[in-house]
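Worksheet for the structure shown next.
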Amino acid sequence: MVGIEGQNEELDAISTITTFIHTDESDKGVPECTLELFSLPGWLDECDQNHPFCQRTGSRPVSIPTRLLEIVDEDAVCLVNAVGTTTRYIALSYCWGPTSQNNCATTQYNLSSRSYGKEGILRDSLPAAIRDAVYIVEKLGIKYIWVDALCIVQDSQEDKSRELARMGQYYGGAFLTIVANTHHCNQGFIGEIGRCKNHTDSPVPRDLVPFNGIFWSDHDTMGRFGTILLRDENPYLLSKEPISKRGWTFQERLLSNRILSFGSRVMWSCLGQTVTDGGIQDWSFDEHDPDGTIREFQNESAKLEKRSKTEPGSSKAENDGRAGKYSLWHKIVGNYSKRAITYSEDKFPAIAAVAEQFSRISGDEYIAGLWRRNIETDLLWTTPSPGTKRPEKWRAPSWSWASVDDPILYTNLPGDDASLMAEIKKIHVSHKSPIMPFGEISSATLEIEAPCIDSNASDIAKMIEPCFPTIGVENERNMVLNFLSRTGKYGEEQKVDLPKEVALLLLYVEYSSSSPDPIATAEKESHASEKYLKIWGLVLKPVNHTRDQYERILAVSGLMIRVVGADTLLSVNKVARIV
């Protein structure tokens, strides 16, 4: 059982929670066995009283979903129309799993019978993960929970479009979000969690082994005895939790202000702190997010809200640190692209709420996964594998990272010394739904004017040559294509089979006074027409014989080349229409 010490008010509800072993997943009742497994001494109270950024959750207007599940009694829940109310609710983030195994979704057929005053939904009939979430919400003294499969009419495209467009508001407006780290919704998450209980005299995880030794510091040259705590391996990597591998849950995590996560351990996370049932000091919290993407995004969102309060009526983004903001977006794309989505068409919708919030942070226009004021750099995405995986059905233009099913990398991007050579002439993006400007798109084209070598591979090879000699290459053409076709991090020996007819579109160029090749540098005087350039651009292939339309094959980032007739190369501009 879950026992709660304190009053029934929400702010006092988590003074101590003691639980719980759910030994039988098929058992549809409340767990009978109890075990004092973890204590949450004032986590919520600490958050409300001492975390400035977290306090915003209580002061801003709450975005209430169209429908909520109301906990009627110990036997049933029902759907209620929540529009116009100001009640607190908890949101659930979970993995739905195979559709064939789940028949509890709300449809147009059962919507009426599930509504308030009708039959409702028996709690015993709910999938285990949802049933466990309802149980915890009830014990926290809150009456309402939002679960997408139950609160959105799944066979109504109109209802789904409207509700999916608001999902960011729903998770952002929730009192907190419960995260169920299970493989599917038929798996319960209430159980004995982990092996990382507190020491009796310390908030340090019990599975850490003490090691005594002598330690030195700059101020203590004699050394002193001390103890460090070691673990042979970390069993609590959040990146290995099922929910960390699902595309939809990424934006649910980013947009939730407070998280109560149940997996291999119980974790509380807000803007102010991250703590678990295993203690405060644990370095594994952000190993699923090594670049701090989640925390950085939430801090930017908090700063945006703070500005809107101090400058009423203003939702302008800060111009300062704009480059850093786009770097944050690149991290978001990289993190999101590693995750799986069940339906290919969800690639844009599953990150739409994050994109909408980022548009407020940056003050920029969203262009099929890229941003208008940074689009020349955003185009330079790459993949770690030589061949990109594209979905069978079109969902994005070839120049968007959303057109492939690979992890996305942004590496070796142009710096301040690089000169922008491209000019965007025209952008066209059509969305499938007018109420989802960050969702699915039906068509998109991009027209760029830039220096372009539009010929066959042999002609390109006559004009440019990589500065790094390659031993054993059959001919100059293969050597050039070897470098042009590299993907991922610079220096990886990975190649893509390129068509004979290609175009190299230069987006950025950085002039170099010397070649990294000492032999080439020594011969520089005898080759006055040669220049060394570092280039960033796109390798394109013509879609038709008229060469008026192209598809992106890959990006070239920071390739150092030796150019014969560089002035001629950079003066030959072309408007390329990329689809």
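The values are calculated or read from the model by the stated rules, or taken from the named source; none is laboratory data. Note that this is a predicted model, so its numbers are computed, not measured. When we count neighbours, we look across all protein chains shown, and the Cβ atoms used for this are built from the backbone with ideal geometry, even at glycine.
Among the candidates 429, 404, which residue alone is closer than 26 Å to residue 549 by Cβ and free of Cβ contacts under 8 Å to residues at least 24 places away in the same chain? If you could, list the steps in order and put the result at the bottom.
Numbers: 429 fails: free of Cβ contacts under 8 Å to residues at least 24 places away in the same chain.
Exactly one of 429, 404 is closer than 26 Å to residue 549 by Cβ and free of Cβ contacts under 8 Å to residues at least 24 places away in the same chain, namely 404.
Can you tell me which residue among 114, 166 is within 24 Å of the chain's Cα centre (by Cα) and of a type in the set (D, E, K, R)? Break it down stepwise before answering.
Numbers: 114 fails: within 24 Å of the chain's Cα centre (by Cα).
That would be 166, the only listed residue that is within 24 Å of the chain's Cα centre (by Cα) and of a type in the set (D, E, K, R).
Look at residue 451 and say whether it is in a loop (DSSP other than H, G, I, E, B) and in contact (Cβ under 8 Å) with a residue 40 or more places away in the chain. I'd like the intermediate steps shown before the answer.
Working: in a loop (DSSP other than H, G, I, E, B): no; in contact (Cβ under 8 Å) with a residue 40 or more places away in the chain: yes.
Here the answer is no, as residue 451 does not meet what is asked.
Do you know which residues across the range 96-152 are surrounded by fewer than 22 Cβ atoms within 10 Å (Cβ to Cβ) and of a type in the set (Gly, Ala, Ser)?
Scanning the range 96-152 gives 97, 100, 105, 112, 113, 115, 117, 120, 125, 128, 141, 149.
Does residue 115 count as out of contact with any Asp or Glu (no Cβ under 8 Å at 6 or more places or on another chain), closer than 21 Å to residue 156 by Cα and either assigned by TED's automatic domain parsing to the domain that holds residue 175 or modelled with pLDDT under 85 (or both)? Quick ask: steps written out before the conclusion?
On the way: out of contact with any Asp or Glu (no Cβ under 8 Å at 6 or more places or on another chain): yes; closer than 21 Å to residue 156 by Cα: yes; either assigned by TED's automatic domain parsing to the domain that holds residue 175 or modelled with pLDDT under 85 (or both): yes.
So residue 115 passes the test.
Are any residues in the range 356-379 in a helix (DSSP H, G or I) and within 16 Å of residue 397 (Cβ to Cβ), and if so, which ones? Reasoning before the result, please.
Going through the range 356-379, the residues in a helix (DSSP H, G or I) turn out to be 356-362, 372-378.
Scanning the range 356-379 gives 372, 375, 376, 378.
Results for (1) closer than 29 Å to residue 375 by Cβ; (2) part of a strand (DSSP E or B); (3) modelled with pLDDT of 90 or more; (4) not small (Gly, Ala, Ser), shown as yes or no for each residue.
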{"position": "506", "(1), (2), (3), (4)": "yes, yes, yes, yes"}
{"position": "521", "(1), (2), (3), (4)": "no, no, no, yes"}
{"position": "525", "(1), (2), (3), (4)": "no, no, no, yes"}
{"position": "538", "(1), (2), (3), (4)": "yes, yes, yes, yes"}
{"position": "541", "(1), (2), (3), (4)": "yes, yes, no, yes"}
{"position": "544", "(1), (2), (3), (4)": "yes, no, no, yes"}
{"position": "556", "(1), (2), (3), (4)": "yes, yes, no, yes"}
{"position": "560", "(1), (2), (3), (4)": "yes, yes, no, yes"}
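Scan the strands (runs of 3 or more DSSP E) fully inside the range 85-186 and keep the ones with 3 or more residues being β-branched (Val, Ile, Thr). Walk me through how you get there before you give the answer.
Working: elements: 90-93, 144-146, 176-180.
Correct list: 176-180.
Would you confirm whether any residue within the range 383-392 is at pLDDT below 95 and acidic (Asp, Glu)?
At the first step, the residues of the range 383-392 found to be at pLDDT below 95 are 383-392.
Those left that are additionally acidic (Asp, Glu): 392.
Yes.
Aliphatic (A, V, I, L, M) and either under 22 Å from residue 254 (Cβ atoms) or at pLDDT below 95 (or both): does that describe residue 408? Outline the logic, then answer.
Numbers: aliphatic (A, V, I, L, M): yes; either under 22 Å from residue 254 (Cβ atoms) or at pLDDT below 95 (or both): yes.
So residue 408 fits the description; yes.
Under 9 Å between Cβ atoms, which residue pairs at least 6 apart in sequence (or on different chains) link something in the range 388-399 that is assigned by TED's automatic domain parsing to the domain that holds residue 442 with a partner that is small (Gly, Ala, Ser) and assigned to a loop (DSSP other than H, G, I, E, B)?
390/398; 396/368; 396/369; 397/368; 399/368
Hey, does the range 293-310 have a residue that's outside any helix (DSSP H, G or I), at pLDDT below 90 and either hydrophobic (A, V, I, L, M, F, W, C) or not assigned by TED's automatic domain parsing to the domain that holds residue 181 (or both)? Steps first, please.
So the first thing to find is which residues in the range 293-310 are outside any helix (DSSP H, G or I), and the list is none.
No, every residue in the range 293-310 fails to be outside any helix (DSSP H, G or I), at pLDDT below 90 and either hydrophobic (A, V, I, L, M, F, W, C) or not assigned by TED's automatic domain parsing to the domain that holds residue 181 (or both).
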